[in-house]
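Taking it in order: structure first as structure tokens, then the write-up.
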Amino acid sequence: MEKRNRYTAEFKTKVVLEVLREEQTVNEIAAKYELSPVMISRWKAEFLERASTVFEKKASEADKVRKEYEAKQEHLEKLVGQLTVEVDWLKKIWPQMNHSKYVKQWLNGTTQRLRLNANPCC
């Protein structure tokens, strides 16, 4: 049993444009590329059916990538803002804390996150 051929969109477009130029018949083009004339006719019909979509105002691939980039940038800016607030808050309360215990834990790498409450037992 033969493997089914898969044709790229570029190849199909090339064949259909040749048909639309009408310099050769569909049968001649089919013989040239070793394709079925019925298949070429289907490609032509599909091409003509979708031709109007070229002029529709849909988001292009570049617009999609730009929107994704902007969303990611917005997320990162929010994160930077949040971290800035946290750092400012820590700078404000740092002088009021008993650091020695927390500094030793921090330097040993055993703290996951400093719990800054009145009862640091856990």
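Quick note: the coordinates plus some simple rules give every number you see, no bench work behind them. Keep in mind that what you see is a predicted model, and the values were worked out from it rather than measured. All Cβ positions, glycine included, derive from the backbone under ideal geometry; neighbour counts span all protein chains shown.
Per-structure values
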| read-out | value |
| --- | --- |
| Pair list, Cβ under 8 Å, 6 or more apart: region 3-24 residue touching a residue at least 12 places away in the same chain (Cβ under 8 Å), other residue hydroxyl-bearing (Ser, Thr, Tyr) | 15/33 |
| Every pair of residues 6+ apart whose Cβ atoms lie under 8 Å, when the first sits in region 46-68 and is under 30 Å from residue 20 (Cα atoms) and free of Cβ contacts under 8 Å to residues at least 40 places away in the same chain while the second is surrounded by fewer than 10 Cβ atoms within 10 Å (Cβ to Cβ) and not small (Gly, Ala, Ser) | none |
| Total residues in region 31-45, condition among the polar types (S, T, N, Q) and either more than 12 Å from residue 19 (Cα to Cα) or not in a helix (DSSP H, G or I) (or both) | 1 |
| Residues satisfying the stated conditions in region 1-30, i.e. over 15 Å from residue 43 (Cα atoms) and either among the aromatic types (Phe, Trp, Tyr) or not in a loop (DSSP other than H, G, I, E, B) (or both) | 28 |
